[in-house]
Structures are given as C-alpha cells and as structure tokens.
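None of the figures in this text is laboratory data; all of them are computed from the coordinates on show. Remember, it's a predicted structure, so these values are computed and weren't measured experimentally. Note that we place each Cβ from the backbone using ideal geometry, even for glycine, and neighbour counts take in every protein chain shown.
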Amino acid sequence: MNRVYNFSAGPSMLPLEVLEKAASELVCYGESGMSVMEMSHRSPDYEAIINDAEAMLRKLMNIPDNYKVLFLQGGASTQFSAVPLNLIGRTGKADYVVSGQFSGKAFKEAQKMGYDVKCIATTKDDNFDHIPVVTKDMVRPDAAYVHVCFNNTIYGTKYSYIPDTGDVPLVADMSSCIISEPVDVSKFGVIYAGAQKNMAPAGLTLVIVREDLLEYADPKMPTMLEWKTMAENGSMYNTPPCYTIYMAKLVYEWILGMGGLEVMKEKNVKKAAVLYEYLDNQNYYLAPVKPDSRSMMNVTFVTGDADLDKKFASEAAKAGLKNLKGHRSVGGMRASIYNAMPYEGVEALVAFMKKFAAENPKA
Ligand SMILES: *Cc1c(COP(=O)(O)O)cnc(C)c1O
C-alpha cells in the first residue's frame with residue numbers, strides 16, 4: 001500500500017482508520033450477512049446505523065434538542081435553492097453575504113427565484129481576500145434569514161467570528177469547516193454542509209435546522225427539498241444515502257474516540273500553524289489571504305509566476321503530495337488540510353516548498 005498525502009479540496013482524504021474499518025466490514029456487516037450497501041434502509045441493522053450517526057453527531061457538535069439533524073442528498077448546492085424555499089415564507093425577503101464563489105452562487109440562486117434578496121456585504125472588489133465585517137445594523141430587521149458561507153473553500157478564508165444578526169436567523173454553509181472545531185450551534189438557525197470535504201464520501205448533505213424554522217416552506221415547493229417533510233420522516237421520506245451515512249458515522253466515531261472537537265481543533269490549529277508560519281517567514285511564496293481571515297482548512301498561496309505554480313503542483317504530485325493545484329477560477333496553489341490530513345503531511349508539504357524554492361529561483 002502506497003498512500004499519498006492528498007490535499008484535494010473535495011472529495012478529500014478520509015482517515016485511514018475509517019477506511020480500514022469500512023473495508024473490514026464491507027462484505028459482511030456484523031451478523032447481518034450482507035454489506036451495508038445491500039441493506040434495506042428500513043431494516044433494524046440500518047436503523048441502528050443512522051440513529052447512531054445522528055446521536056454521535058449530536059454529541060460531537062453539542063447540538064441542542066430543539067434542532068433537527070437531516071441526512072439528505074443533492075450536495076450543498078441543492079441547499080442553495082432549498083434554503084430560500086424553506087425560509088423565505090417567514091417574511092418574504094432575505095439577506096446574503098457574498099464572500100466567495102459558493103456564497104455568490106447561493107445568492108444568485110435565491111435571486112433567480114424572484115425573491116427580494118439583498119447582498120448586504122461582499123469582498124468581491126478585494127478578490128475575496130478577507131471576510132467582510134457583518135454587523136447587526138447591516139441586516140434588514142425583517143429579513144427571513146441572513147446567509148453566509150463560513151469557510152470559503154476556494155479562496156481559503158474563514159469567519160473568525162459569528163456574525164450577530166439579532167433576531168434574524170443566521171444560515172451558514174459549513175461544507176468545508178464542519179466538525180473541524182467546536183461551534184456554538186445555538187447561534188445559528190440553520191447549518192448545512194456537503195459531506196465530501198470533511199465528513200464522508202460525496203453523496204450526503206447534512207442540514208441542522210432549528211425546529212421553529214420548519215414552518216415557513218412554500219406549500220407548492222418540491223417535497224424532496226422540504227426540510228419539514230424530511231424531519232418528520234427521520235431523513236427517510238425516500239431512500240437516504242445509506243452507505244455515505246454509514247461512512248459519516250465511522251468518521252464521527254473516529255473523532256469522538258480521540259476526544260471530540262476540542263482535540264480535533266488542537267490538531268487542526270497545529271497543522272495550519274506550521275504552514276502559515278512558514279509562509280509568513282519567507283519571501284518566495286505569497287499567501288494572498290489577510291491574516292485575520294485565514295482558513296484552517298484550505299491554505300492558498302502563489303509563487304507569483306503561473307508557470308512556476310504549474311511546475312510546483314506537478315513536481316509535488318511526483319513527490320507524493322497530490323492535488324495542490326488551486327481552484328481553476330483562481331490559480332496558484334491550495335492545500336486542503338482537513339481533519340484526516342495528518343501532521344506529517346503538512347510537514348512534508350513545507351519541506352517540499354523549501355526545496356522547490358531553493359531549486360527554482362525566480363528570474
Ligand atoms: C464544495 C462546496 C459546495 C458545493 O458542494 P456540492 O456538494 O458539490 O454541491 C458548497 N459550499 C462550499 C463551502 C463548498 O466547499
């Protein structure tokens with residue numbers, strides 16, 4: 001076995017222990033005589049799996065009892081439509097903060113539906129190199145919700161604070177930072193996340209929604225997008241993404257086993273610090289993100305020369321450090337160092353960066 005350090009932004013690395021555990025029960029799960037992939041989602045074995053997954057996530061994130069946990073399909077992008085459809089009925093208008101590409105897409109999706117949506121803050125003119133300051137007085141008091149993207153996967157920025165939106169529910173896309181550190185769920189009306197960054201393989205979308213927010217859906221909306229229907233049916237209105245939920249359960253178990261999100265955060269802080277400390281103390285690479293907005297999960301940097309950037313990514317791949325090429329829309333490099341990336345992987349990356357800088361002097 002020759003596993004590489006995979007810096008992909010998503011789908012991304014999964015913990016080796018989790019993959020090995022899944023492999024060990026892939027063909028035959030417990031006493032069931034079948035694979036989890038082959039099970040009816042209504043069987044007692046599978047019910048135990050999904051119930052455990054929810055219980056573990058509740059414990060991990062300390063989710064209050066008045067929040068529902070939904071395991072859905074469709075990716076985070078489907079929630080760009082589901083969020084307005086489920087919530088706009090509260091007041092008929094919604095506010096958005098555009099801090100990168102995904103929050104921009106979410107904003108456009110709500111606009112497309114013809115709702116009264118307003119972009120209350122954006123850092124577009126600064127190439128999304130930092131997170132905007134959002135204060136209560138910027139929010140329309142009669143907005144149904146305020147939507148933010150908590151960690152901008154493409155640009156490598158993250159909120160260092162939870163915006164105070166007063167009584168207006170805060171809705172956060174946490175696709176690329178979910179379960180990377182503790183977060184006070186009670187400060188949010190809705191948290192959603194695609195699983196394939198930090199939680200499981202692709203195919204699962206997590207929605208955590210405060211119960212009182214289930215009452216505002218347009219009755220004509222597609223049933224499959226309606227959180228209330230999904231909540232009332234325990235995420236089983238139709239067939240849920242069974243195997244991916246099982247994988248998420250193994251990941252939750254892995255984090256609980258090491259002590260929970262406080263411990264996970266400690267590890268993630270340490271990993272990101274190695275990389276940023278190096279970036280701050282050399283002058284070959286440039287880290288475009290403002291220090292107060294730096295992401296702990298996605299670290300972006302450039303050489304300032306597109307050809308060198310290309311060479312960096314290809315030589316790194318040959319050295320067993322894969323998928324360091326930045327997003328196609330921004331170029332440069334991006335190291336995604338989610339929960340499953342070991343400390344040694346980041347050390348290896350920094351060693352490679354030093355070597356590359358020494359061997360490739362700029363003209
Ligand atoms: C990846 C990503 C998305 C898109 O997720 P899909 O599951 O592919 O729809 C949305 N938001 C953020 C923050 C992401 O990182």
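Between Lys362 and Thr135, full extension at 0.36 nm per residue minus the direct alpha carbon distance yields a gain of 77.4 nm. Among Phe352, Phe188, the ranking by other beta carbons within 10 Å of each residue's beta carbon, starting with the fewest, stands as Phe352, Phe188.
In percent, rounded to a whole number, the relative contact order of region 260-359 is 29, using alpha-carbon pairs under 8 Å and six or more apart.
If you take every DSSP beta bridge whose two residues both sit in the chain, what share of them, in percent to the nearest 5, is antiparallel? In the chain, DSSP labels about 55 percent of beta bridges as antiparallel. When His327, His147 are arranged by Cβ crowding within 10 Å, least crowded first, meaning fewest neighbours, the order is His327, His147.
For region 17-258, relative contact order (Cα pairs under 8 Å, six or more residues apart, normalised by length) works out to 27 percent.
Quick one: work out the % antiparallel among DSSP beta bridges in region 144-274, nearest 5.
Values: 7 of 14 bridges.
Just about 50 percent of them are antiparallel.
Hey, rough spin-label estimate for Cys119 and Gln73, points 7 angstrom out along Cα→Cβ, what's it come to in nanometres? Rounded to a tenth, the inter-label distance reads 3.3 nm. Modelled spin-label separation between Ala202 and Lys318, with each label point placed 7 Å from Cα along the Cα-to-Cβ direction: 2.9 nm. For region 17-258, the C-alpha radius of gyration divided by 2.2 N^0.38 Å, with N the number of residues, is 1.03. Each label point was placed 7 Å from the Cα along the Cα-to-Cβ direction; for Ala306 and Tyr161 their separation is 3.8 nm.
Take Ile162, Ile154 and order them by how many other Cβ atoms sit within 10 Å, fewest up front.
Neighbour counts put them in this order, fewest first: Ile162, Ile154.
Would you give the gap between the C-alpha center of region 1-40 and the C-alpha center of region 67-108, rounded to a whole Å? The two parts, judged by their Cα centres, are 30 Å apart. Using r as the Cβ-Cβ distance of Glu215 and Ser40, and R0 as 22 Å, what FRET efficiency do you calculate, to the nearest 0.05? Working from the Cβ atoms, E equals 0.10.
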